[in-house]
Structure formats: C-alpha cells, structure tokens
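Let me begin by presenting the structure, written as structure tokens, before commenting on it.
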Amino acid sequence: LAESLAFQHDTQELRSGLNRVVGHHVNLKKGENILLELHWSLIGGDYDRNSPPIEWAWQQTKQFQINELVVQSLNHPAHLLYLSAHLALQHGFAEARLIWFYDVYTILQSQEHEFDWSRLLAQGRELGWITSLVETLLSVAAYFEYPIPQDFINEIEKDPPGDANDVHRKANELTRTEYVSTRLGSLHGMNKVKLALAYLFP
C-alpha cells in the first residue's frame, strides 16, 4: 500500500531477508521530507532477547475514539514501558531526545490521579525492562519535576539488574565496533551467525 503511494525503501538490507530475522521495522521514504517506519515488532526483531512477544503487545491494547474514528493503541502502562525501552534499549540515552521524555511525561500527566503503578511494575518485571523504566522515570522527574511515588521507587529497587547491562552500555555514544557487538550480543544461536556473516560479507 505504501509503495502504491510512491514510498520507496530508504535503506538496503545487508543481505536479502535479514531484516525479517534481526530487524523490527522497515524505513520507507517519499520525496525528501516524509519518512514512514512500518514496524512488525517492538524494540528489536523476533529473535532479540530485549523484544517482547508481539502477542504481549496485542494483549495490552485499548480502543480510543477520535471524533468518529476508533483507533487501537497500547494501554497507558504498556505504552509507558514501550517508550522507556525504545529510549533506553533501542536508541540508548546517548541518542535521547527531549521529546521522548516529554512523551512519557504527558502519559503520566494524563493519568495523574489514576495511574496504575502496580500494573506498571508487574509488566516491567515480566518484560525485564526495569532498568529502562527506572532510568527513564528518573530523567522525566528531573526534567519536568514530576513526582514519582517513593513507594514505587523503593519497591523497584529490590529488582535484579535485568536489562541494566544493555541500558548502561547504550548510555554513551557507541563506536561502530561497539554497535555491532551490542547487536550481536542481543541475538542467539544461528541468528547471531547470520548477522555476523552479513556484516563480514554484505
């Protein structure tokens, strides 16, 4: 459908079919100023240890009505978790944009008196995204003076590191070698081999 509207692929795969194995979206471009990202999973590919099963995402959806249009989106705790993982795990704090923290802030603000902190914590633990969540929330609290409940912080500090290594590794700007090493480290078995061969022999 996008191609019928004159969108073209913006990047070329290292090897044909590799993107479906290790990637999670495709970039399409129209003219100089319109970029469309079509995602089929969150954060990473189906074989990335940081990416949740896509079934989880569909189970966390909620319908919203905008005028006469009914749209489906992640519920607020799941959306906040996704934004945190997108920021900390996919891009890393070294590439963070203020608007990404503001997105998290607006979700918290919209649900200020009814936000389900216990559900957020349970889902963060389920996905192994606790460090991504904590670091993002602390940044939001610092940038926008948003009060994160102290009981939530105390409870979350009891958790094992989980995604801490990946979050801290991406907190600083990566060299090309470090970037490749991080991508390979997120994969298992033959998928690691497939990506390594694609980098060596594109």
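So the values come out like this:
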{"quantity": "Packing-based ranking, highest mean first, of 53-65, 132-144 given that Cβ atoms within 10 Å are counted", "calculated": "132-144, 53-65"}
{"quantity": "Those lysines that a straight Cα-Cα span of less than 25 Å connects to LYS194, excepting residues fewer than 8 apart in one chain", "calculated": "LYS170"}
{"quantity": "Centroid-to-centroid separation of region 1-45 and region 118-141 [C-alpha atoms, Å]", "calculated": "29"}
{"quantity": "Residue-normalised accessible area of the chain, given per residue in Å² at a 1.4 Å probe", "calculated": "61"}
{"quantity": "On Cα atoms only, tilt of 189-200 relative to the major axis of the chain in degrees", "calculated": "60"}
{"quantity": "Exposure rank, largest accessible area first [VAL193, VAL167; 1.4 Å]", "calculated": "VAL193, VAL167"}
{"quantity": "Accessible area of LEU38 in the full protein assembly, 1.4 Å probe (Å², nearest 10)", "calculated": "80"}
{"quantity": "Helix 176-185 axis, angle to the chain major axis (alpha carbon atoms, nearest 10°)", "calculated": "70"}
{"quantity": "Region 152-193: GluC sites (Glu not before Pro) in DSSP loop, at most 15 other beta carbons within 10 Å", "calculated": "GLU157, GLU173"}
{"quantity": "Cα-centre dipole for the chain with unit charges at Cβ (Lys and Arg positive, Asp and Glu negative), debye to 20", "calculated": "820"}
{"quantity": "Using θ = phi - 60° and Karplus 6.51 cos²θ - 1.76 cosθ + 1.60, couplings along region 42-48 (whole Hz; Gly, Pro as x)", "calculated": "9, 6, x, x, 4, 9, 8"}
{"quantity": "Interchain or long-range residues, amide H under 5 Å from ASN27's placed H", "calculated": "ASP10, THR11"}
{"quantity": "Whichever aspartates and glutamates have a C-alpha closer than 18 Å to that of LYS192, once near sequence neighbours (fewer than 8 apart) are set aside", "calculated": "GLU13, ASP46, ASP48, ASP166, GLU178"}
{"quantity": "Solvent-accessible area, 1.4 Å probe, carbon plus sulfur percent, for the chain", "calculated": "52"}
{"quantity": "Trypsin sites (Lys or Arg not before Pro) within region 110-202: DSSP coil, no more than 11 neighbouring Cβ in 10 Å", "calculated": "LYS158"}
{"quantity": "Ranked order, LEU184, LEU28 - accessible area, probe 1.4 Å, largest first", "calculated": "LEU184, LEU28"}
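The values are calculated or read from the model by the stated rules, or taken from the named source; none is laboratory data. Fair warning: this is a prediction, and the values are worked out from it, not measured in the lab. Don't worry about glycine lacking a Cβ; one is built from the backbone with ideal geometry, like all the others, and counts go over all protein chains shown. Keep in mind that these areas ignore ligands, DNA and RNA; they rest on the heavy atoms of the full protein, side chains included. Shrake-Rupley method; radii C 1.70, N 1.55, O 1.52, S 1.80 Å.
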